[in-house]
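A.B. asks: One structure is given below, represented as structure tokens, and several questions about it will come after.
The values are calculated or read from the model by the stated rules, or taken from the named source; none is laboratory data. This one's a predicted model, so the numbers in the text were calculated from it and none came from an experiment. Here the Cβ is made from the backbone with ideal geometry for all residues, glycine too, and neighbour counts use every protein chain on show. Only protein heavy atoms, including side chains, enter the accessible area calculation; ligands, DNA and RNA are left aside. Shrake-Rupley method; radii C 1.70, N 1.55, O 1.52, S 1.80 Å.
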Amino acid sequence: MYSRERHGRTVAVADLTGVRLTLDDGRPAVRFTRAYDLPVARVWRFVTDPAELAHWFPSRVAMDLRPGGTIHFSGDPQLPESTGRVLAVDALSHLSFAWGGDELRFDLEPDGDEHTRLTLTDVLERADAAARNAAGWEVCLAALDTRAAGGPAAPPDGGTRSWEAYYRACVEAGFPSGAPVPGRP
């Protein structure tokens, strides 16, 4: 994140790490890739252990980690409690689940013994959610990056100011926008 002058005001500007894409089946998606200096088993816990998810994922999660298992999402003041379904699990390499109308995919690839590449793909129910969701994942993944680096354990706070900067950056980068933002008129 950095600042720049715009219309006589200093505004926060976000460096985007995500990309928007269209999958082979025509569905819209946003994708993020991170590299961590941690073994794949540790990164796997970040995406499957509810205690670890609490440090960076936007909702509290209770998960039956098996294909067809139920996931319960709660604790987000902007969203009602809801349930999803685990779509696929390949221990230490892939987890996908349905959340709302979206499909979240977490893919892990070891790069040697102590390095892991994490790819998060949010397959969107609607294309105009790309800017909104990408901005949210930027905030959440920044919290995960801090956690992975051994930084202070703190869940994403909703990051309203940083979310706004990321959202503006996504719109300026051409991400489709216009989907309702929970908690906003």
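A.B. asks: Any chance you could count how many residues in region 92-122 are open to solvent by 70 Å² or more (accessible area, probe 1.4 Å), modelled with pLDDT of 95 or more and not in a strand (DSSP E or B)?
C.D. replies: Residues that pass the stated criteria total 2.
A.B. asks: Here is a check on your reading of the model: is G151 modelled with pLDDT under 95 and either open to solvent by less than 30 Å² (accessible area, probe 1.4 Å) or out of contact with any helix residue (DSSP H, G or I) (no Cβ under 9 Å at 6 or more places or on another chain) (or both)? Step through it out loud before you land on a result.
C.D. replies: Working: modelled with pLDDT under 95: yes; either open to solvent by less than 30 Å² (accessible area, probe 1.4 Å) or out of contact with any helix residue (DSSP H, G or I) (no Cβ under 9 Å at 6 or more places or on another chain) (or both): yes.
Yes, satisfied.
Here is a yes/no grid of residues against (1) within 20 Å of A88 (Cβ to Cβ); (2) assigned to a loop (DSSP other than H, G, I, E, B); (3) touching a strand residue (DSSP E or B) at 6+ places or on another chain (Cβ under 9 Å):
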position	(1), (2), (3)
V30	yes, no, yes
R34	no, no, yes
R42	no, no, yes
R45	yes, no, no
P58	no, yes, yes
V61	yes, no, yes
G68	yes, yes, yes
I71	yes, no, yes
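A.B. asks: Let me ask something else about it. Can you list residue pairs whose Cβ atoms sit under 8 Å apart, with the first residue in region 141-153 being more than 13 Å from F57 (Cβ to Cβ) and the second being of a type in the set (A, V, I, L, M, F, W, C) and not in a loop (DSSP other than H, G, I, E, B)? Count only pairs 6 or more apart in sequence or on different chains.
C.D. replies: Sorted first by the residue in region 141-153, then by its partner, the pairs are A148/V43; A148/F46.
A.B. asks: A follow-up question, please. So T83 passes all but one of these: (1) assigned to a loop (DSSP other than H, G, I, E, B); (2) surrounded by fewer than 13 Cβ atoms within 10 Å (Cβ to Cβ). Which condition number does it fail?
C.D. replies: (1)
A.B. asks: Quick check on region 29-41. Is at least one of its residues over 27 Å from E114 (Cβ atoms) and not aromatic (F, W, Y)?
C.D. replies: We begin by selecting, within region 29-41, every residue over 27 Å from E114 (Cβ atoms); these are 29-30.
Within this subset, residues satisfying the condition of being not aromatic (F, W, Y) are 29-30.
Among the residues of region 29-41, at least one is over 27 Å from E114 (Cβ atoms) and not aromatic (F, W, Y), which makes the answer yes.
A.B. asks: Within region 124-136, can you find the residues that are surrounded by fewer than 21 Cβ atoms within 10 Å (Cβ to Cβ) and either part of a helix (DSSP H, G or I) or free of Cβ contacts under 8 Å to residues at least 60 places away in the same chain (or both)? Working first, answer last.
C.D. replies: Going through region 124-136, the residues surrounded by fewer than 21 Cβ atoms within 10 Å (Cβ to Cβ) turn out to be 125-128.
Matches in region 124-136: E125, A127, D128.
A.B. asks: On to the next question. If only one of R66, R27, R34, R85 is among the basic types (K, R) and under 21 Å from A142 (Cα atoms), which one is it?
C.D. replies: Just one listed residue meets the conditions, R34.
A.B. asks: Would you mention how many residues in region 13-47 are farther than 20 Å from L124 by Cα and open to solvent by less than 20 Å² (accessible area, probe 1.4 Å)?
C.D. replies: Adding up the residues that qualify gives 5.
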